[in-house]
Amino acid sequence: MTLSSEDKKLISDSIRDIPDFPEPGIVFKDITTLLNNADAYSLLMRHLKNRYESYKLDYIAGIDARGFIFGAALAQMLGVGFVPIRKQGKLPYTTVSEKYSLEYGVDEVEIHIDAFENVENARVLLIDDLIATGGTAFAAANLIDKTGANCVESCFILGLNFLDGQEKLKSVTDVYTIIGID
């Protein structure tokens, strides 16, 4: 299922812009309005299901926190497991972590050390709502590989094309972005 320009417009138009959040000069892309638009959310999830049902995935890994919304729903639709990738200190069991650079410092994401141990060379889709500079997604894809699984693709609802995140991430996995923002 390929999204038509009208389909992309329905999804894009259902995402609200919040100017100057979380700081002046930033336009935040608010997906809560996509989630409460039954037509747009259903179209998006059907598209993702159709795209990924032939990938023979074993798991979907979602990045904290909005990646959980899309990832868990898609995992259920495809009949595969869901694995959360969380910010440091949020997972209760032994974890593997990966640090990444922020504009003013360093952050860290973690995954349970045994997240994919039930399937040798597990095929994993990484998903989140948006890719900007790509630091979190790059770290998350590396975490998947560190645990012995294979990140077959990273999927984002929105991609900020004017930043280098998608290109950076392509050095470690394929990247699929539904709506590019120039």
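Using the Cα centre as the reference, give the magnitude of the dipole from point charges on the C-beta atoms of the chain (Lys, Arg: +1; Asp, Glu: -1; all else neutral), rounded to the nearest 20 debye.
So the dipole magnitude of the chain works out to roughly 360 debye.
Return the subset of Lys8/Lys29; Lys87/Lys170; Lys9/Lys146 for which the Cα-Cα distance in this structure is over 26 Å, preserving the input order. Kindly include the intermediate steps, with their values, before the conclusion.
Values: Lys8/Lys29 15 Å; Lys87/Lys170 22 Å; Lys9/Lys146 37 Å.
Beyond 26 Å: Lys9/Lys146.
Which of the three applies to segment 56-181, rounded, prolate or oblate, going by the alpha-carbon gyration tensor with a ≥ b ≥ c and a/c under 1.5 meaning rounded? Working shown, then result.
Details: a/c = 1.63, a/b = 1.20, b/c = 1.37.
Taking the square roots of the gyration eigenvalues as a ≥ b ≥ c, segment 56-181 is oblate.
Do any chymotrypsin sites (Phe, Trp or Tyr not before Pro) in segment 80-174 lie in a loop, going by DSSP, with at most 11 other beta-carbon atoms within 10 Å of their beta carbon, and if so which?
Details: sites: Phe82, Tyr93, Tyr100, Tyr104, Phe116, Phe138, Phe156, Phe162; in loops: Tyr93, Tyr104, Phe116, Phe162.
For chymotrypsin sites (Phe, Trp or Tyr not before Pro) across segment 80-174 that sit outside H, G, I, E and B with at most 11 neighbouring Cβ atoms in 10 Å, the list reads Tyr93, Tyr104, Phe162.
Please compute the length gained on full extension between Gln88 and Asp182, using 0.36 nm multiplied by the number of residues separating them and subtracting their Cα-Cα distance. Provide the component values of the computation, followed by the final result.
Numbers: separation 94, 0.36 × 94 = 33.84 nm, distance 3.15 nm.
Full extension of this stretch gives 30.7 nm more.
Can you show me the helix-derived [θ] at 222 nm for the chain, built from DSSP H runs with n ≥ 4 at -39,500 (n - 2.57) apiece and divided by the number of residues, rounded to the nearest 500.
Numbers: 6 runs with 58 residues, N = 182.
Helix contribution divided over all residues of the chain: -9000 deg cm²/dmol.
With helices defined as uninterrupted DSSP H runs, which ones in the chain have an alpha carbon span along their own long axis of at least 15 Å and mean Kyte-Doolittle hydropathy of at least 1.0?
On the way: long enough: 38-52 (21 Å, -0.64); 66-78 (19 Å, 1.25); 135-146 (16 Å, 0.52).
In the chain, the long hydrophobic H runs are 66-78.
Determine the sum of side-chain charges near Asn121: Lys and Arg each +1, Asp and Glu each -1, restricted to other residues whose C-beta is under 13 angstrom from that of Asn121. Provide the component values of the computation, followed by the final result.
Values: positive: Lys56, Arg123; negative: Asp58, Glu117, Glu120, Asp145.
Summing Lys/Arg as +1 and Asp/Glu as -1 gives -2.
Laboratory data are not the source of any read-out in this text; all were calculated from the coordinates shown. The shown structure was predicted, so the numbers you read here are calculated from the model rather than taken from an experiment. Counting neighbours? That spans all protein chains shown, and the Cβs are built from the backbone with ideal geometry, glycine included.
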